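Data first, discussion second: the structure below is written as structure tokens.
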Amino acid sequence: MVGAVPKLRAEIRADRTKASGRRGRALRIVLISALVPMSLTLVQCGGAPNPATLAANSQANVQVVAKTNPQVASGDTFEDRFPAPQFGERFPSASESFLQRQMSDFSPKRAVQQQPEQAPYKVASLAPQVPYQRPAREDLTTLVSMKSSAFPYFGNNPASDAPFLNISKGDRRGHRSYSGRVFWQDETYNDSRVLMHVPEHFDVRKPGVIVVFFHGNGATLERDVRDRQLVPQQITDSGANAVLLAPQMAVDAADSSAGKFWQPGGLKRFMAESAEHLARLTGDPNSARAFADMPIVIVGYSGGFLPTAWSLEVGGISDRVRGVVLLDAVYGEMDKFASWIESHRSGFFVSSYTHYTARRDRELMSMLRQKGIGVSEDMDRPLRPGSVVFVETGDGITHRDYVNRAWTQYPLKDVLVKMSATPALALTRVAATSSSASSR
């Protein structure tokens, strides 16, 4: 019995060895069966996708999208969403080249005024050539901020000798007008810009004149003086060798305050500073002296009578003022106008009026006649040194449109034409012929 036990154990071990062998063979068969399809898949990864398989996958995706988002799926194909890039989008054609760009190409660009195209001419030729001429220039019209402009103003009102800014609300300061209305400094009296205009034909080397235009109530330089009243255009169309300065007064407000032009020497400082700006605007810094000595014609429309009157009275350079034009503007200050007319007989004075200012214009005419100064009541003749003209306009002429239509259409243009036609004034020469000036 003892000897039989080892034999049994040996048989058991033999059975176990056979069983484990069978399990090993089975495991190898299973592994081989799994690895063969996987190897075939890996082989396909190195080649192009099967078109049929890709189409089937795409169709499956479309069906999925159609179920989740019908709006996108309808009529929206793969090509619609992912169009194939064209050759021309990746490579330039024979007539193109790669455009080299710097970082500065992506920075904001300043507007550059386009220069007029010059007429072509031959460099060398035996045939006679037309002499080279400077290309035609364009009018220069711009807004320039000036320290000596009417506003901001923090001084006194000379009418009351009280501070001009006579009301405050928190940190804001304002001016209560005679009508009781309050205008705030940061809205109405804070614009220091001046509208400057130089016609294309202006020549600083010739006798010229500076027109200073004081606009009326409820106006801005761009909307009214430039675009509605066409003051720069009238200067150009007159053909006169003249430039324009129009300071912004109270911004779009029913107020005639004169600001810095109330102050003694206010006009003198304004003209001195503007001479430097005009010289830079015309591109000739050496012309500042010419602008500083150039005669002045002041034009006051409506509420512009107040800065006009004070500029004549305390401006400091009344002798440079060779002409005054009031357009429905005699609302007061008759003594200042009469005083300047009496003491400056080499200049001219024109006042055109409607029924709004008729009473005061007639009062001013009476004051002048009492001083022995002759007065004309029509604009049919050229302006001469000492001319004093009052023109009443009839029905149908509105105060709002008076700068464009008074005794004639474009009255400022008419004044400059009549002034330029008088050699005795020696103010300006007409830069364009009469026919061309009248046809513009």
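Among the listed residues Ser311, Ser343, Ser318, identify the single one that is out of contact with any Asp or Glu (no Cβ under 7 Å at 6 or more places or on another chain) and over 23 Å from Gly216 (Cβ atoms).
On the way: Ser311 fails: over 23 Å from Gly216 (Cβ atoms); Ser318 fails: over 23 Å from Gly216 (Cβ atoms).
Ser343 is the lone residue from the list that is out of contact with any Asp or Glu (no Cβ under 7 Å at 6 or more places or on another chain) and over 23 Å from Gly216 (Cβ atoms).
Can you tell me how many residues in segment 315-325 are open to solvent by 40 Å² or more (accessible area, probe 1.4 Å) and over 13 Å from Phe349 (Cβ atoms)?
Keep residues of segment 315-325 that are open to solvent by 40 Å² or more (accessible area, probe 1.4 Å), which gives 316, 319-320, 322.
Within this subset, residues satisfying the condition of being over 13 Å from Phe349 (Cβ atoms) are 316, 319-320.
The qualifying residues number 3.
Taking the condition of being of a type outside the set (S, T, N, Q), closer than 14 Å to Lys260 by Cβ and open to solvent by 60 Å² or more (accessible area, probe 1.4 Å), how many residues in segment 135-170 meet it?
So the first thing to find is which residues in segment 135-170 are of a type outside the set (S, T, N, Q), and the list is 135-140, 143-144, 146-147, 150-155, 158-159, 161-165, 167, 169-170.
Those left that are additionally closer than 14 Å to Lys260 by Cβ: 146-147, 150-155, 158, 164-165.
Of the ones still in play, those that are also open to solvent by 60 Å² or more (accessible area, probe 1.4 Å) are 147, 154.
The total comes to 2.
When both residues are 6+ apart or on different chains and their Cβ atoms are under 9 Å apart, which pairs have a first residue that lies in segment 342-368 and is within 17 Å of Asp319 (Cα to Cα) and assigned to a strand (DSSP E or B), and a second that is among the charged types (D, E, K, R) and open to solvent by 10 Å² or more (accessible area, probe 1.4 Å)?
Taking only residues 6 or more apart or on different chains, the pairs are Phe348/Arg322; Phe348/Arg384.
Just the residues that are hydrophobic (A, V, I, L, M, F, W, C) and either surrounded by fewer than 20 Cβ atoms within 10 Å (Cβ to Cβ) or at pLDDT below 95 (or both), please, taken from segment 341-366. Give the derivation first.
Pass one, segment 341-366, residues hydrophobic (A, V, I, L, M, F, W, C): 341, 348-350, 358, 364-365.
If the condition is that a residue be hydrophobic (A, V, I, L, M, F, W, C) and either surrounded by fewer than 20 Cβ atoms within 10 Å (Cβ to Cβ) or at pLDDT below 95 (or both), then Ala358, Met365 are the ones that fit.
Being surrounded by fewer than 20 Cβ atoms within 10 Å (Cβ to Cβ) and in contact (Cβ under 8 Å) with a residue 40 or more places away in the chain, is that true of even one residue in segment 234-244? It would help to see each step written out before you state the result.
Here is the first cut: in segment 234-244, the residues surrounded by fewer than 20 Cβ atoms within 10 Å (Cβ to Cβ) are none.
For segment 234-244, residues surrounded by fewer than 20 Cβ atoms within 10 Å (Cβ to Cβ) and in contact (Cβ under 8 Å) with a residue 40 or more places away in the chain: absent.
Show the residue pairs that are 6+ apart or on different chains and have beta-carbon atoms under 7 Å apart, the first residue being within segment 218-229 and closer than 14 Å to Asp401 by Cα, the second being assigned to a helix (DSSP H, G or I) and modelled with pLDDT of 95 or more.
Ala219/Val225; Val225/Val231; Arg226/Pro232
Restrict the check to segment 300-318 and report whether at least one residue is free of Cβ contacts under 8 Å to residues at least 24 places away in the same chain and more than 21 Å from Leu143 (Cα to Cα).
Looking only at segment 300-318, we keep the residues that are free of Cβ contacts under 8 Å to residues at least 24 places away in the same chain, and these are none.
Within segment 300-318, none of the residues are free of Cβ contacts under 8 Å to residues at least 24 places away in the same chain and more than 21 Å from Leu143 (Cα to Cα).
Given the residues Val324, Val299, which is the only one that is closer than 29 Å to Gln409 by Cβ, within 26 Å of the chain's Cα centre (by Cα) and either outside any helix (DSSP H, G or I) or modelled with pLDDT of 95 or more (or both)?
Details: Val324 fails: within 26 Å of the chain's Cα centre (by Cα).
Sole residue among the options that is closer than 29 Å to Gln409 by Cβ, within 26 Å of the chain's Cα centre (by Cα) and either outside any helix (DSSP H, G or I) or modelled with pLDDT of 95 or more (or both): Val299.
If we scan segment 258-280, do we find a residue that is at pLDDT 95 or above, over 26 Å from the mean Cα position of the chain (by Cα) and within 18 Å of Leu416 (Cβ to Cβ)?
For segment 258-280, residues at pLDDT 95 or above, over 26 Å from the mean Cα position of the chain (by Cα) and within 18 Å of Leu416 (Cβ to Cβ): absent.
Considering every residue within segment 171-186, establish whether at least one is touching a Lys or Arg at 6+ places or on another chain (Cβ under 6 Å), surrounded by 19 or more Cβ atoms within 10 Å (Cβ to Cβ) and modelled with pLDDT of 95 or more.
Taking segment 171-186 first, the residues touching a Lys or Arg at 6+ places or on another chain (Cβ under 6 Å) are 182, 184-185.
When the remaining residues are screened for being surrounded by 19 or more Cβ atoms within 10 Å (Cβ to Cβ), the result is 185.
The next check asks that each one be modelled with pLDDT of 95 or more; those that pass are 185.
Within segment 171-186, one or more residues are touching a Lys or Arg at 6+ places or on another chain (Cβ under 6 Å), surrounded by 19 or more Cβ atoms within 10 Å (Cβ to Cβ) and modelled with pLDDT of 95 or more.
The values are calculated or read from the model by the stated rules, or taken from the named source; none is laboratory data. Since this is a predicted model, take the numbers as computed values, not measurements. Glycine gets a Cβ as well: all are built from the backbone with ideal geometry, and neighbour counts include every protein chain shown. These area figures cover heavy atoms from the full protein model, side chains too; ligands, DNA and RNA do not enter into them. Shrake-Rupley method; radii C 1.70, N 1.55, O 1.52, S 1.80 Å.
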